[in-house]
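Asker: Have a look at the structure that comes next, please.
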Amino acid sequence: MKSDRPPFEARPGSAGIRSVQPREPLTRTQHLYLGIALVASLVLLLTLAWVVRQWQVKTLSKSATSPVQTESAGLSESELASNRSTAGIPAAALERGSHLVVGSSNPIVQINPLYLGHQDERDAAALIFESLLMIDPDGQSVFELAADQSYDPDSRQLIFTLRDDHFFKDGSVLTAADVAWTYQLILSPSYEGPLKAHLAAVSGVTAAGPLHVTFQLADWVTEPDPAWFTVGILHASSYPADLDRVFELGQASPLPDGSGPYQLRDLSDGHATLELRPGFAGEVTTIEFRLIDSTDQFDLLQAGAIDITSSVWNERNRERLDSLPGYETVVFQQTAAYVLVNQTDTASSRLSKPGLPDALLEALAGHDLKAEQSELVASLGSESLSCPYYRGIDTSSEAGYLSDAKASLAPLADLGLDFTFEGLDWPELASRALEKRYDLMVIPALANEKLPAGTILLSDTSGKGSIGQANALPGASQDRVLFFCQRLNQLTVNPNANPLARTALSWTDRIENIRLTSFVE
């Protein structure tokens with residue numbers, strides 16, 4: 001039956017509505033061009049991805065001042081597995097997954113920010129405890145527990161305002177009382193730990209409410225040093241020490257209780273295992289500090305048994321690097337000796353001229369001497385200065401300690417000063433230090449990092465701060481190397497993390513950013 005409805009093309013459009021016209025289908029030629037364009041786009045994207053991958057591999061950071069990245073985004077699991085095998089990362093390391101192993105040449109005895117004896121204990125403490133300020137890889141101070149600070153140069157009072165979102169294991173908020181208690185323990189006359197020589201500029205600390213803490217600085221301070229406020233903060237209720245017997249904390253410390261991302265799971269026989277606290281982000285869930293023999297270190301690295309470890313940087317280690325294709329290295333410096341300057345006006349000291357000890361400290365710190373200071377140093381003329389030093393236990397070690405002593409005083413030797421070096425056994429050297437029977441003294445950096453009583457270490461050697469009442473400063477240094485497995489992507493190595501220690505470098509910053517390369521079947 002024939003319809004009276006007009007054909008589609010002839011139908012009138014409704015009022016206000018434009019009629020829809022059918023599209024012509026694509027021709028075979030247009031289909032071909034479109035296919036070619038899509039293939040070209042795909043090739044371009046793959047080429048771009050390959051270029052980005054090569055750039056990331058070539059620019060893998062070996063510097064101690066920037067995060068380390070070893071894995072690019074956008075690669076499939078099969079591509080990643082191929083890259084991992086070609087990188088030479090030992091299978092044992094990849095199979096370890098979220099468990100991180102640190103090879104420690106020294107036993108972990110205790111994890112207490114007030115009594116830390118070596119680099120691995122400091123790294124463990126940095127993972128458990130937080131501080132008011134941190135020093136970033138560029139050497140700039142950044143807030144951690146603090147939210148703000150203000151300094152009054154007239155009263156020499158520094159006030160920190162704390163954040164209110166940092167908690168201890170029991171759920172309690174870290175407050176100004178915890179900060180004040182931590183520093184009161186250090187400032188106590190009965191505390192003789194390694195921090196005492198660094199914090200002589202802080203004369204008092206009080207809590208002003210739950211989130212405000214006030215530091216009173218010494219009269220001679222011209223500007224606060226951020227390093228003074230990088231001490232890990234204790235949970236006051238977990239450290240109920242007697243302020244007259246603080247030294248007991250160095251003998252039998254309570255279990256560590258901090259507000260950081262990790263907590264102690266086990267501590268025994270020089271080993272320690274930390275685990276990620278609930279509520280904290282990060283792919284690294286457990287960190288084991290495993291005590292190893294230094295003679296086994298390279299074998300363990302080659303087998304992939306450890307992820308991070310450090311060693312002396314010498315020719316033998318340089319020659320063996322080719323046997324560690326799955327590891328990166330960062331070379332850093334560790335203080336090997338300290339220089340003491342006798343500021344006491346005694347018959348045994350030739351440094352009795354006013355201002356002369358400070359002038360020597362300025363020169364040793366590398367500061368440009370003012371005209372009057374240069375004249376003071378020149379006034380010594382050819383008069384020889386006595387310098388006792390530790391002679392070690394045999395001829396070989398004595399040669400090393402003498403070399404450190406000469407290197408420590410090299411800036412003064414360059415000014416034309418002459419020295420009489422005298423090698424002594426430790427009891428005699430300690431007696432000389434106590435009785436101030438020296439002009440200058442060079443002592444080795446001890447394992448527990450303690451300095452003789454009465455030592456005030458120059459905390460700022462950059463030239464910005466004042467010498468103040470300092471009577472000692474770091475001298476000779478030793479090159480060391482940090483080995484870390486390439487499976488630890490985006491690892492931050494910070495050369496300024498521990499400013500109150502002879503080894504400043506640490507790998508514990510921003511550990512939540514680490515992405516782990518794991519074994520893929």
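Throughout, read-outs are computed from the coordinates displayed, never taken from laboratory work. Note that the structure is predicted; figures quoted are calculated from it, not measured. Neighbour counts are summed over all protein chains in view; Cβ atoms, including those assigned to glycine, are modelled from backbone coordinates with ideal geometry.
Asker: Compute the distance from the alpha-carbon center of region 348-385 to that of region 181-207, in whole Å.
Answerer: 30
Asker: Tell me, how many Å apart are the Cα centres for region 139-164 and for region 95-137?
Answerer: Comparing the Cα centres of region 139-164 and region 95-137, I get a distance of 25 Å.
Asker: A follow-up question, please. Fewest Cβ neighbours within 10 Å first, please rank Met441, Met134 accordingly.
Answerer: Ranked by crowding around the Cβ, least crowded first: Met134, Met441.
Asker: Does region 93-133 come out rounded, prolate or oblate, given a ≥ b ≥ c as the square roots of the eigenvalues of its C-alpha gyration tensor, rounded meaning a/c under 1.5 and, failing that, prolate meaning a/b above b/c?
Answerer: Verdict is oblate for region 93-133.
Asker: Assuming 0.36 nm per residue, please report the length gained on full extension of the stretch Asp165 to Thr222 beyond their Cα-Cα distance.
Answerer: Gain on stretching Asp165 to Thr222: 17.3 nm.
Asker: For a protection proxy built on the mean count of beta-carbon atoms within 10 angstrom, sort 139-146, 301-308, 274-281 highest first, please.
Answerer: Output ranking for 139-146, 301-308, 274-281: 301-308, 139-146, 274-281.
Asker: When DSSP assigns beta bridges and you keep just the ones with both residues in region 337-444, what percent turn out antiparallel, to the nearest 5? Don't skip to the answer; put the middle values down first.
Answerer: Values: 5 of 12 bridges.
Rounded to the nearest five, the antiparallel share is 40 percent.
Asker: Suppose every Lys and Arg Cβ carries +1 and every Asp and Glu Cβ carries -1, with no other charges. What dipole size does region 205-297 come out with about its Cα centre, to the nearest 20 debye? Don't skip to the end; give the middle numbers.
Answerer: Details: 4 positive and 14 negative charges, 62 e Å.
It comes to approximately 300 debye.
Asker: What are the ³J(HN,Hα) couplings of region 268-281, residue after residue, when phi is run through the Karplus curve with 6.51, -1.76, 1.60 and θ = phi - 60°? Round to Hz, x for glycine and proline.
Answerer: 6, 6, x, 9, 9, 10, 10, 10, 5, 6, x, x, 9, 8
Asker: Ala91 to Ser155: extension gain in nm, 0.36 nm per residue of separation minus the Cα-Cα distance? Mind showing how you got there, number by number?
Answerer: Numbers: separation 64, 0.36 × 64 = 23.04 nm, distance 6.00 nm.
Between Ala91 and Ser155, full extension yields an extra 17.0 nm.
Asker: On to the next question. Multiply the residue separation of Leu44 and Lys370 by 0.36 nm, subtract the distance between their alpha-carbon atoms, and state the gained length in nm to one decimal.
Answerer: 111.1 nm
Asker: Between Ser431 and Glu315, with labels modelled 7 Å along Cα→Cβ, what's the label distance in nm to one decimal, could you check?
Answerer: That separation, rounded to one decimal, is 4.0 nm.
Asker: How would you order 235-243, 255-263, 197-205 from highest to lowest mean count of nearby Cβ atoms within 10 Å?
Answerer: On the way: 235-243: 15.9, 255-263: 22.0, 197-205: 20.0.
Answer by packing, highest mean first, reads 255-263, 197-205, 235-243.
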